[in-house]
Structure formats: structure tokens, C-alpha cells
Amino acid sequence: MTHQQKVDHLIAELGKQGMNPYMVAPPMFRLLWAVGLPVPPPLFMGFFTIALFGGFFFGFFWGLFMWLIQWSWWKAPVELAVFASAMAGLLFGVSMAAYFRWKARRLRLPRWEDYPST
């Protein structure tokens, strides 16, 4: 079974259980899969990996957005902007990691290598 077939199977299977397909396969992961990176869905990643991955991207793009629309006009110090972005990324990453690990445990999902269970 190819990576994309496994993802499609997962979306269909969890969709039957009432999960939103964009929670099972978030847009950022869909983008990574579209460029050919076989990254497992977040429900199959470890806590630290999700926290680091999600927190980095969120912190980077949120900080960039905030710099462009607000902080540069306020003439905020760059150090403050970097610190605020890092803290926002940390909070977001840890929150998402906690949610996805809780949800995966609740759904009793196997490891990605073992999915789908036959």
C-alpha cells in the first residue's frame, strides 16, 4: 500500500467515526505530501515531533505576520518579536501535540508502519 493510499484509507476510516478530514490530515501535511514527502499524519507522530514541527511552523509564520502588520510599525525590538514568536510557537506546538496524542490514544491507533491493521 502506498503512502497516499494509507492516508486516504485513514481519512475514510476516521471519517466514518465522525472526525473531520482536515483534522486527520491538516493542510500543512497535505502540502508536504503533495511535494512528495512521506511524513506520517500527526495522529501517528510522537509528542516531541508534533510539538517541534507544529510549533516551529506556527511560530515562524505567526511572527512574520505580526512583524509585517504590527510590530514593525511599533518599532518593536527584534529580540522581543523573536521571543514572542518562540513562545507562541511553543504554546501552539505543545497544545497540538497534547491534543493529537490524546486523540490517537483514544482511537487506539497502531503505529503508522502497522497501519492499516489487517
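Express the Stokes-Einstein translational diffusion coefficient of segment 1-76 in µm² s⁻¹, to the nearest whole number, given a Kirkwood radius over alpha-carbon pairs, 4 °C and a viscosity of 1.567 mPa s.
Reported coefficient: 90 µm²/s.
To the nearest 10 degrees, how steep is helix 78-107 against the longest Cα principal axis of the chain, on a 0 to 90 scale?
So the helix axis and the longest Cα principal axis differ by about 20 degrees.
Which lysines have a Cα lying under 26 Å from the Cα of Lys16, excluding residues fewer than 8 positions away in the same chain?
Output for Lys16: Lys6, Lys103.
Measure off, as a whole percent, the carbon and sulfur share of the 1.4 Å-probe accessible area of the chain, all protein chains present.
Carbon-and-sulfur percentage of accessible area, whole number: 69.
Averaged per residue, what accessible surface does the chain expose to a 1.4 Å probe, in Å²?
66
The values are calculated or read from the model by the stated rules, or taken from the named source; none is laboratory data. Given the structure is predicted, the values throughout are model-derived calculations rather than measurements. These accessible areas exclude ligands, DNA and RNA; they are computed on the full protein's heavy atoms, side chains included. Shrake-Rupley method; radii C 1.70, N 1.55, O 1.52, S 1.80 Å.
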